[in-house]
Amino acid sequence: MPAGTKEISAVAAWETINDEIETFDDLGAPKTDVDFLDDFFDDEALGALLKVYDDLTVGDLSDPEEDQARDFHHDVLDLVSPKASRNRKAAELMDILQSPHMQALLDAHDDVATQNYQSVDLKSHGLAAPPPPAFDLATEDHRLVTITKQGKQPLGVTVSLDGDNNLIIARILQGSLADKQALLRVGDKVREVNGVEVYRPEDMMLLLKEASTSITMKIVPCYHHNSVREQFFVRALFNYDPLNDRLIPCKKAGLPFNAGDILQVVSTDDENWWQARSVSVDEGHGPVGLIPSRTLQEKRSAFVQPGITDTQTSLFCGLKWKKKKHINYNSNNNTEFDECDIKVYEEVTLTNYHTRVLALVGAKKTGKRSLIAKLVEENPRRFQAAIPYTTKPMGDRDVDGHGYFFTDRETMEKDIHEGKFLDYGEYDGELYGIKFSTVRAIIKTGRVCVMAVSPNALKMIKAPDFQPYVVFIAAPSVEAMKVMYEQHKLETQPAKRRGSRNSKPDDSSALFLEEQCIESVKESRLIEKVYRGYFDETIVNDDFNTTYDYLKNMMSKLHRNAKWVPVEWNQ
């Protein structure tokens, strides 16, 4: 090492690299490369390995008590061996001492004690790869298969090694070149490609890539037919990009999609990877690709479910969700269960159906109730708002059944306990909620029941007897919310009061308004993250009139056009 150079430990270097990776984005490095480096150097296993390296090369190691553990091992075997035939415990000890793991442990101890760290010559002491399986070519039922291709056209197959080290066809993408020519079958064993014996997937893929016009394979046919369910359709409830998936067998074969997309699942042969295509009523079907199976994605999602604190849940719709021991909340209506609820796909079918409930979901100050009021006011024969129950005292001008149904707290808590409320919560010490009976009464009139609900109620309302259409009213930017609030204030405030006030709010009210808008934007993002699987439509309300027109036109189209709905609604 040159004079004056300060030695740095491997762990310190690792920590420095981790700190510097954050600056790579500013230097113009590709995001995928930066993400890869970040994941690689953030691995705790790498940190532990480097710490061991530092301990062995930099740190002061204590002298071993003994550097020849194998000698003691032989001495113990000599003592125990005569008794092994007569004593069960001695025989058990002999088995442990003679096990390969114990001998390897003692070898490792002696190597560390004597600092025997030289690398092993793989050519003379071991194998770089397992030997290829010995095939009985005389008795195997071989078949030659020739597939014609054009240029770099992909074959559309993936291969793997089975338990006996046979190279087999793992999957065939539907609609691919191999599928159209129907010469290969999942499970076929591949022995040769264009006259070259193949034993590993990477060898075969290299030969397939080099072939330009035709591919001739020697295979051992598989005559086993898998019994698979017929094709079906699902609505994706999460975003997926195969380029960011480390588990997918072939990234190029993956099918990207977004939450809400409709997918036609054409094969479930593989328990981890389904074959599917995107479906659009207007544009038809897309190409087939690989997507994570329900089982695989649920396992992965179980490790990344977002946590929701009590503080966060209290933001929903401005209601504080009261928890009392004497009120037994239905598990389907409890945010704590929603945290752990893992939904990745929803099986759907295309059908004409009559929307019975229009449910608007969103954060505070996103205009849900204003949209409902205008929708009902302009279309009273088609829409009717669900009137909530409340325990707040009735005012002098209040009329029961106009705006609210008034009740006492004891009665309302009893009805909540008996499961009569679809949605409920507490605000300013008073309970509010919508009853199932209210919704059903509106449906019986033939009108669409329109209501704003908390996200907690979505699991209850997504039922065949309600057949809801759930619209998420997303919060726009903070600045857009402030502009909308001021416009609404000017439109609803009497002219005399408008003239007597300065149009510009004071600093304290402006700050309070901005804090409320920031809170609504955060709440909106949280609701979308946790509950987006329940949404049929998402509308960003950055202009009230535009949002209302879109909502009204959307309901007209729903009345005329077929729609993807959960399969259980048609059963």
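Couple of notes before you dig in:
- Here the calculated FRET efficiency for Ala104 and Thr23, from their Cβ-Cβ distance with R0 = 60 Å, stands at 0.85, rounded to the nearest 0.05.
- Label-reachable residues, the stretch 539-555, where backbone N falls under 19 Å from a point 7 Å from Ser477's Cα toward its Cβ: 539-547
- Efficiency of FRET from Cβ geometry, Asp543 and Glu515, R₀ 35 Å, rounded to 0.05: 0.95
- Relative contact order for the stretch 232-301: 27 percent, from Cα pairs under 8 Å spaced at least 6 residues apart, divided by residue count.
- Legend: ranking of residues Trp14, Trp274, Trp569 from fewest to most surrounding C-beta atoms inside 10 Å; resulting order Trp569, Trp14, Trp274.
- For the stretch 143-220, the relative contact order works out to 40 percent when only alpha carbon pairs closer than 8 Å and six or more residues apart are counted.
- You can think of it this way: the chain between Leu49 and Lys444 has 135.4 nm of extra reach, that is 0.36 nm per residue less the Cα-Cα gap.
- Residues of the stretch 381-401 with amide N under 13 Å of the 7 Å Cα→Cβ point at Thr411: 389-394, 400-401
- Point-to-point label distance, Leu79-Ile96, nm (Cα→Cβ direction, 7 Å offset): 1.4
- Stretchable slack from Ser9 to Glu486, in nm (0.36 nm times residue separation minus alpha-carbon distance): 165.8 nm
- Once the Cα-Cα distance is subtracted from the 0.36 nm per residue extended length, the Asp141 to Asp465 segment shows a gain of 110.9 nm.
- If you plug the beta carbon distance of Ser280 and Thr16 into 1/(1 + (r/R0)^6) with R0 = 41 Å, you get a FRET efficiency near 0.25.
- Formal net charge of residues neighbouring Leu375 (Cβ-Cβ distance under 14 Å; K, R +1; D, E -1): +4
Every read-out reported here was derived from the displayed coordinates using simple, explicitly stated rules and does not represent laboratory data. Small disclaimer: the values here were computed from a predicted structure and weren't measured. All Cβ positions, even for glycine, are placed from backbone atoms using ideal geometry, and neighbour counts span all protein chains on display.
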